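The values are calculated or read from the model by the stated rules, or taken from the named source; none is laboratory data. These numbers were taken from a predicted model, which means no experiment stands behind them. Cβ placement follows ideal geometry from the backbone for every residue including glycine, while neighbour counts extend to all protein chains displayed.
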Amino acid sequence: MSVFIKIQDHLEKLSNAKKKVAYYILENWEEVALLSASELSREVGVSESVIVRFSQDIGFKGYPDLQSDLKKVIKSRFAHKQQEVPLTEEGMQNTGELGHLYQQAVNNIQQIFKLNSDETLQLSARSIHLARKIVIMARRNSLGPAKILQVHLNEVYGNVILIGGENDEVFDYLRNMTKEDLLITISVPSYSKRMVHAVQFAKEQGIKQICISNANNPFREIVHFNLITSIISDIFTNSNVATVLLIEILLGKIFEMNKVKVLKLLEDIEKVNQRFGISEAEQ
């Protein structure tokens, strides 16, 4: 079990000081792999003993053991130095003045691979696969990625509802959900108080939950699986590039879980579309 999974598994039980350590590691894990316990304590603003106890609380013998795990992740993920995709001079010429937006998109994509473990993605995909009913809750800028997720999940399962986070009916949907159902919250700043309250209510109802948001989101301590995206952009809106890729990764894992069934369902959908003139067969 990786350090990222261990942190997410223990987040709810950690003290506020140890949560500060957890979030710092999730956002700066490459740097932490090279910091001593005293250096990390200064960066986070806690005592060195908190760093040691945090490491032990999440399942390591001590901070060196945690650091060793981070170094293994770095070695496995970046052995071929594929994490950086810098713009070439030719690429800059092709993209003109918007070249920096391209680089930001690349950086956002890199972040989702740094901050999300394969275990968390696999467990999230399995929760989606096993859910009796799925409600996706999103608002504003997050509605685009949420709609993509809803459309493709319905192609396979046909049990997904998308509802706006500010919709007055959110709590009506949640009241009728059970432990066999799943709530997926997709939200990036600015956050909605109504959505935070809805996620808290869903927890009280025992509903399994997945959140797709940035690292320092208000849902992270409430949901079962916290999938972290990166939304940095220089323009007037948050970037959805990394969020959409994160959703595609989830869909890919779902496909691998039940490849034969999914292919059969998609074939049936195509036959129905052709029968009613929704789409035409290739000549």
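Brief remarks on what is shown
- Qualifying residue in the stretch 144-164 (condition: under 16 Å from Ile212 (Cβ atoms), touching a strand residue (DSSP E or B) at 6+ places or on another chain (Cβ under 8 Å) and either modelled with pLDDT under 90 or assigned to a loop (DSSP other than H, G, I, E, B) (or both)): no
- On the stretch given as the stretch 38-51, residues that are crowded, with 19+ Cβ neighbours inside 10 Å and more than 25 Å from the chain's Cα centre (by Cα) total 5.
- Among the candidates Glu43, Glu12, Glu39, Glu30, the residue that is free of Cβ contacts under 8 Å to residues at least 12 places away in the same chain and assigned to a helix (DSSP H, G or I) is uniquely Glu39.
- Of all residue pairs spaced 6 or more apart or on separate chains, none has beta-carbon atoms under 8 Å together with a first member in the stretch 189-202 that is not assigned by TED's automatic domain parsing to the domain that holds His224 and a second member that is in a helix (DSSP H, G or I).
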